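Data first, discussion second: the structure below is written as structure tokens.
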Amino acid sequence: MTILRSISELRDWRRSLGRSDRLGFTPTMGALHDGHLEHLRRLEPLVDLRLCSIYVNPTQFAPEEDHARYPRDLARDAALLEEVGCDALFFPDDRAMYPEGYATWVMVEGLADRFEGEHRPAHFRGVTTIVCKLLNLVRPDVATFGQKDAQQLRLIERMVEDLNLAVEIVPIPIVRDPDGLAMSSRNRYLSEGERSRALSLGRALRAAREVLAGGGSRDEAERVMRQRIDPGVELDYCTIIDRQTFDEPTDRSRELLGIVAARVGATRLIDNMMLTSD
Ligand code: AMP
């Protein structure tokens, strides 16, 4: 695997590819787990070459958030990427991505203000800006984004459409640990007790799905979902929305998505699940 540590190295590598080579791209913040590796596995049949980026983007973290202590382990991550046959790793630094005088931001209006955007102001401005920059630098044919970050995925799909970016976005389903916890680089912060409380997020989503499958109403499903959340968990939101619009479901909503965000001790976790499909 080629490790590209600067923008010029990335550009040289990109230029060295054949014109007919299809390039797949998975952007990450590192501390890789099986959820990330699943993106690269799913890319394999779709493209000729795969590039992963690791960059802990400072502009998507609020000052009180965990940017400084976000787990970083390049040697381990590189070994995992080698194992799945990734062709290149782009590992830029802050000076390359945000040189002095940096002043340009990409913002998706509306959806970016709700749910995650409400609880983490400026987060999505950082996300859409860095993803736009990375897509411009890498110029992939296909890029993967996880359903784990459902709102982020929706925003990126919107941005790609609105800015006419020539890339196909491939959503990747959530990979969970055997106990049902959605894999996250932040799970390593959880104590044993916190982890068992965190399991109530996935349980709540599954319970809501069962209520709807049994013919229950959306209100009932939402009530059951909230009841199943461990009382030791501090909820930011726990609700059922229309998967396409992220609005309250209407009679015409065909796909309902359960979304939940909560603080478990000092760690903030998010999870979601498709509750219906037509
Ligand atoms: P991150 O390193 O947290 O920025 O995540 C990089 C990409 O991996 C994003 O597109 C995430 O949505 C995705 N991702 C994170 N966790 C999972 C998971 N458990 N299953 C599948 N994809 C994931």
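With a ≥ b ≥ c the root eigenvalues of the C-alpha gyration tensor of the stretch 41-177, is it rounded (a/c under 1.5), prolate (a/b larger than b/c) or oblate? Rounded.
Suppose R0 equals 30 Å. What FRET efficiency, 1/(1 + (r/R0)^6) with r the Cβ-Cβ distance, do ARG19 and GLU83 give to the nearest 0.05?
Once rounded, the FRET efficiency stands at 0.55.
Across the options PHE124, TRP13, GLN60, the greatest Cα extent toward the positive end of the charge dipole of the stretch 1-128 (unit charges at beta carbon of Lys, Arg, Asp, Glu) belongs to TRP13. Give me the tail of P(r) for the chain as a percent: Cα-Cα pairs with distance above 31 Å. Beyond 31 Å sits 28 percent of the P(r) for the chain. With contacts taken as Cα pairs under 8 Å at a separation of at least 6 residues, the chain carries a relative contact order of 16 percent. When you restrict to C-alpha pairs under 8 Å that are six or more residues apart and normalise by the size of the stretch 148-278, the relative contact order lands at 23 percent.
Among ALA208, ALA112, ALA79, the largest mean-square fluctuation in a Gaussian network model of the chain, built with springs joining Cα atoms closer than 10 Å, belongs to ALA79. The DSSP beta bridges internal to the chain are antiparallel in roughly 45% of cases.
Where a number appears in this text, it was derived from the coordinates with a stated rule and is not lab data. Just so it is clear, the structure is predicted and the values come from calculations on it, not from any experiment. Cβ: placed from backbone, ideal geometry, glycine included. Neighbour counts: every protein chain shown.
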